[in-house]
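Peer 1: The structure is given below, and queries will be raised subsequently.
Nothing in this text is a laboratory measurement; each read-out follows from the coordinates by a stated rule. None of these values were measured; they are calculated from a predicted model. Ideal geometry is used to build each Cβ from the backbone, glycine not excepted, and the neighbour counts take in all protein chains shown.
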Amino acid sequence: MKALNNTRFIKKQIEGIRFSAGTLILILCCIFLIILSTFIQFDITHFIIPKSLFVKELDNSYLYTYKLIPQIPVILFVGAFLGRKYGIISILLYILLGLFIIPVFALGGGPSYVLEYGFGYILAYIPAVFFSGSILKSGFTNRNIIHAVIVGVLTIHVIGILYMLFIAGLKHEGWAFMQGWIYAQSGIKIIYDMIFSFALIFLAKYAKIILWFYM
């Protein structure tokens, strides 16, 4: 029985999840999860080395609180959980939903949202899921997970920055604005995105194993 289950697991791992009513429900659930992750925020508090040890500053706190919006880790979770094909379908439906039906993006929605500075990050979800899903297709080893996280997170941030620079150029924004935007959206946030993306892909690994045995 154990050998049969292992054979079934390996076969599912190679073939991927087949489309069914259950798959459609999972896609819809993942779209809802993406939307939810856009509007929630977690306070992450941890120890740091205070700057006052190196330079003269008033702030000598050993605690630092970062406000994390977990959408990018959730995107990589969706790609890992559903696989490359259905993960991209989920992202496409999410984008179409925001552009033409209801305002599910952080600053609203509608066709004019393509001119928002942050829309490039949303578009970048598609190649990020493709690249990370391709890496994870060969297995959820720790090495593959780390590789998928680095590639996926950097893909989103690089494309997001380039898109922002393009829109900022169209709107004749100054370099100071662009620098501030990059620091706010892709500064230290990249590190937090990688840490939590690793955790969520690791979670997706076991969620997917359970899913494969029941689909």
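Peer 1: Once both labels are modelled 7 Å past Cα along the beta-carbon direction, what's the LEU36-LEU170 spacing in nm?
Peer 2: It is 3.4 nm.
Peer 1: Could you tell me which residue out of VAL158, ILE89, ALA184 lies farthest along the dipole of region 60-215 toward its positive end? Charges go on the beta carbon: Lys and Arg +1, Asp and Glu -1, centred on the Cα centre.
Peer 2: ILE89
Peer 1: Once label points are set 7 Å from the Cα along Cα→Cβ at both TYR64 and HIS147, what is their separation, rounded to one decimal in nm?
Peer 2: Here the answer is 3.0 nm between the modelled labels.
Peer 1: Please give, to one decimal in nm, the separation of the simple spin-label points placed at TYR206 and PHE47, each 7 Å out from Cα toward the Cβ.
Peer 2: Going by the 7 Å Cα→Cβ label model, 2.7 nm.
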